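Shown next, in structure tokens, is the structure this report addresses.
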Amino acid sequence: MSDGYRNGDDERVDLSAIDPDRDPAAAARFLTGVMARVEARPAPAALPGDPLVGIWSMLRAPALAAGILIAVAAGVAGVRMNTRRAAPQTIVQAIGVPAEFLADATPAEGR
Amino acid sequence: MESSDAELVGRTLAGDTAAYAELVRRYRRAALARALAVLGDSNEAEDVAQDSFVQAYDQLATCRDPSRFGAWMLTIAHRSALNRARSIRRRRAVSMETAAAESGAYGTAVNQGSDTLDRVELQEKLMRALGQLSPVQREVVLLADLEDWSHAEIAEKTGVSVAMSRRHLSDARRKLRAVLSSMRLVRDREETP
């Protein structure tokens, strides 16, 4: 498959001059250095065994997704409830009829 | 038959340090290449690579997928190298790339050992040329041309996609050849009376 690059770019560059093993003893020296420090330390502590660890890790992603959905739904429901409370509850409230014309207003004398 | 990484990790956690030594042998060169790509200094890279293996040993129980120990270990090496590079920059108060651009100093601190003068000069030139690449190009060309990794291995262990690995490698090789050619031209002109 052509990738548009010149043929010469497929050839390796000779980086042997910076090969870490140009010194034959380098590998052994490195390993000795690491293992001297490793063997002076306690064995790495194993995490407490959880027989369900596999199941928990499978459930993690769906649980997270469900949690996000629930949070979003709760947020939307909360916003809707607040909007409903602020909105006028009756036609009277909506059109702003003066209080004196309301049904429980005291009737004028003579009627 | 060679033990898998997962088996070696399991044996290490059970107290078998010889198993960990095998893991170190397996990933030593890759860890060095990863650190060298960031630091450009083989002494610092060796230091960081050793520290990274010790750190990986301490945290081995947290390696969630022991079959991917290599990728996990190389992430530790990369992060350690970045931290070391930051502290070096703070100490020197100048970025490595800036220093390389200004004085060609990138990578002059090579591990000389018993190398001849010519080899030391070649090492320094190669490191200066590598300093002209981006960190990811450096890493890919070191892993491909020095460690002989396939693009699939590079993708698996470094998180770079196979397609980008090919692209970075091609770009890196082209740049290296151009920089090394110009160094030779400069040297030839200097030598010509």
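Listed values for the stretch B:31-47 are Karplus-derived 3J(HN,Hα) couplings in whole Hz (6.51 cos²θ - 1.76 cosθ + 1.60, θ = phi - 60°), namely 5, 5, 5, 5, 5, 5, 4, 8, 8, x, 9, 5, 5, 5, 4, 5, 4, and x replaces Gly and Pro.
By a 1.4 Å probe calculation restricted to protein chains, B:Trp149 has an accessible surface near 50 Å², given to the nearest 10. Accessible surface buried by the A/B pair amounts to about 3600 Å², both sides summed, 1.4 Å probe. Once all protein chains are placed together, A:Arg60 keeps about 140 Å² accessible to a 1.4 angstrom probe. Modelled spin labels at B:Arg92 and B:Arg64, positioned 7 Å past Cα toward Cβ, are 3.6 nm from each other. Per-residue accessible area (protein heavy atoms, 1.4 Å probe) orders A:Asp14, B:Asp65, B:Asp145 as A:Asp14, B:Asp65, B:Asp145, starting from the largest. Using a simple spin-label model with pseudo-atoms 7 Å out from Cα toward Cβ, A:Thr83 and A:Asp19 lie 7.1 nm apart. Taking all protein chains together, B:Thr12, A:Thr83 sort by accessible area into A:Thr83, B:Thr12, largest first [probe 1.4 Å].
When all protein chains stay in place and ligands, DNA and RNA are ignored, the 1.4 Å accessible-area order of B:Leu32, A:Leu59, largest first, is A:Leu59, B:Leu32. Note that the stretch A:63-77 has calculated 3J(HN,Hα) couplings of 5, 5, 4, 5, x, 5, 4, 5, 4, 5, 4, 5, x, 5, 4 Hz, one per residue in order, obtained from phi through the Karplus relation 6.51 cos²θ - 1.76 cosθ + 1.60 (θ = phi - 60°); glycine and proline are x.
Computed with a 1.4 Å probe on the full set of protein chains, the accessible area for B:Arg68 sits at about 100 Å².
The values are calculated or read from the model by the stated rules, or taken from the named source; none is laboratory data. Quantities reported herein were computed from a predicted structural model and do not represent experimental measurements. As a convention, Cβ positions derive from the backbone with ideal geometry for all residues, glycine included, and neighbour counts pool all protein chains shown. Side chains are part of the model used for accessible areas, which takes the heavy atoms of the whole protein and leaves out ligands, DNA and RNA. Shrake-Rupley method; radii C 1.70, N 1.55, O 1.52, S 1.80 Å.
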